[in-house]
Every structure is written in structure tokens, then in C-alpha cells.
């Protein structure tokens, strides 16, 4: 369990809160959660990594938990390149010239940007539930992305405003149909959705993804380069649940074509969208083995 008190840094734009556990001299690993989630998702992963001698840093995404913007006029952007720059800013402030990374959902997409554009900073990478490459959508994947387009409409905004926790819990359950989600596990992160910027971050993240919201121009260089879908040389492991109700299994099947370095894809039978929760021990073991290699 990540039991150390939260620490924080100021990047110039954000106050980022994070849990920093494990030996101080261990190889650093940044653990980046997804939407809608929080750093408690990494409890088992961090414990296994710490026991194996790794130092883990698990930050909240912008708009989650106690994180806050330092200036009222900063755009509440959740484009993935902004999240990637937040990770680099955090690593710089912690004095981490190189680090390994594990990302899930939004965190996984962020990790791919870093692996593609800041390969000199990443030693190894593990993506949970998200492949890299083609942006084409199957009919089934489009169906499972219904909520992303729902958030582009006033009705979706109203649903989030009225009861974001109920909507998010419903999504979790549909994404992991074979997992019995406990109240305690959901409540451990749901408080992080009360952040005053959470709604704006959520809406911008999905609207920007589908070209329905403007990007923050401060990330223009990263955006331009990422649109070209650079190949990835960083050694990468992808762990995908066979029963993922959010990201279809076939969407990650062809990802190997985008990697010039070592790449492995592991499918976990009977697991949904949250391998780090549903198959915590197995997923943690796979991560430790990959990062030790």
C-alpha cells in the first residue's frame, strides 16, 4: 500500500500532488492513472515494485485529487500532450533525468507520447489497456466510446454535474463486467472527482480528442509531432484484459507495427479494463519482470 503522505511540487502552471514510496536510491518508476481514477489504483503495483527495490512516484492527473492550477486564466486543457508535459515537469523537479513508466487509460496514452517524443527520458514502459497506432475505429469500439461523445452534448454535461460518481461507477462496471467492484475500492478514488477543475478537464480531454475543442497553444510543438504518430523505440510491454469493455481487444492487436524497439503484448483472460485492480498480483509481477529486464 502507498501509505506515505502526499507530497507536492509547483510546475509554474500546476500544483501536482503525488505519492513517493520505496527506496530513495531505487530506480524511479512513474505510475500514471487514467480517467476516472486516482493514485489508489496503484496500491498493489507500487507495493510490488517497492519490494523489488524500485522507487515509485504516483501523481494525480491535472483536475484530479488535490491538484490545482496556480492561475485562473490557465486553460483547463486535458489534451494528452499537456499531460505528457506535466510528467516531464514533475520528473525535472524531482531530479529524475531518466525513469521507467507505467500508465493506464489516459496515463497509458500519455506514456506513449513520452515514449515517442522523449525516448531519452524513459528506460522502459508498460501500458495497461491501451494500444498504440491506428486511429481507425471498429463499430464495436465506437459503441463502447459512447460516453466520450455524450460528454460533447449538454445532456452529458448535465449528467456529470448531477451525479458524476454514479455515472463513473456505471462506466467502471461496464468496462470490467466480470469484476465485483466494492464500495470501498470505488470510494477510495471517487473523492478525487470533486476537484473543482475535474469537470472542465474531463470535457476538454474528450472533446479535444475528437476535434471538438481547441488545443492549448503552449503544447503546439508536441501536438504537431504526435499527429505524425512517431515510431517508438523504448522497450514497451502492453497488458490488455481479454474482457475489456472500454477498449476492445482487437484495437491493440496490431500495435507491434509501431515499435522499433523491444515490444510484447500480453492478454489476460477474464480481465476487464483495470488489470492493476482485477488481477493485481499477476499484473504487478508482469510489470516488475519487465522493468527488471
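On full extension of the chain, what length is gained from residue 292 through residue 118, given 0.36 nm per residue of separation minus the C-alpha to C-alpha distance? Please list the in-between numbers first.
Working: separation 174, 0.36 × 174 = 62.64 nm, distance 2.07 nm.
My answer for the length gained is 60.6 nm.
Helix-only estimate, please: 222 nm mean residue ellipticity of the chain, summing -39500 (n - 2.57) across DSSP H runs of length 4 or more and dividing by its residues, to the nearest 500. Spell out each step's value before the answer.
On the way: 11 runs with 112 residues, N = 293.
The per-residue figure over the chain is -11500 deg cm²/dmol.
Looking at the chain, send over the antiparallel percent of its DSSP beta bridges, to the nearest 5. Walk me through the numbers on the way to the answer.
Values: 10 of 33 bridges.
Approximately 30 percent, going by the DSSP bridge assignments.
Mind ordering 39-46, 142-149, 283-290 by average Cβ neighbours within 10 Å, highest first? Intermediate results must be reported in sequence, preceding the final value.
Numbers: 39-46: 24.4, 142-149: 14.9, 283-290: 19.8.
Result, highest mean first: 39-46, 283-290, 142-149.
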**Study point:** Normalised contact order of segment 157-293, rounded percent, pairs of Cα under 8 Å and 6 or more residues apart
**Key:** 26
Check your understanding: So what's segment 7-292 giving for Cα Rg divided by 2.2 N^0.38 Å, two decimals?
Key -> 0.92
Check your understanding: Which whole-number percent is the relative contact order of segment 7-292 (Cα, under 8 Å, 6+ apart)?
Key -> 24
Review point. How many nm separate the modelled label positions at residue 166 and residue 194, each set 7 Å beyond the Cα in the direction of the Cβ?
Key: 1.8
Exercise for review: For segment 176-194 and segment 262-293, compute the distance between their C-alpha centroids and round to whole Å.
Suggested key: 20
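So what's Rg/Rh here for segment 25-157, counting alpha carbon atoms and using the Kirkwood radius for Rh? Show your work: numbers first, answer last.
Values: Rg = 15.9 Å, Rh = 16.1 Å.
That ratio is 0.99, to two decimals.
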Exercise for review: Calculate the tail of P(r) for segment 122-253: the fraction of all Cα-Cα distances greater than 27 Å, expressed in %.
Suggested key: 30
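Every number here is computed from the coordinates shown, using simple stated rules; none is lab data. These numbers were taken from a predicted model, which means no experiment stands behind them. FYI the Cβ positions are ideal-geometry reconstructions off the backbone, even for glycines, and counts take in every protein chain you see.
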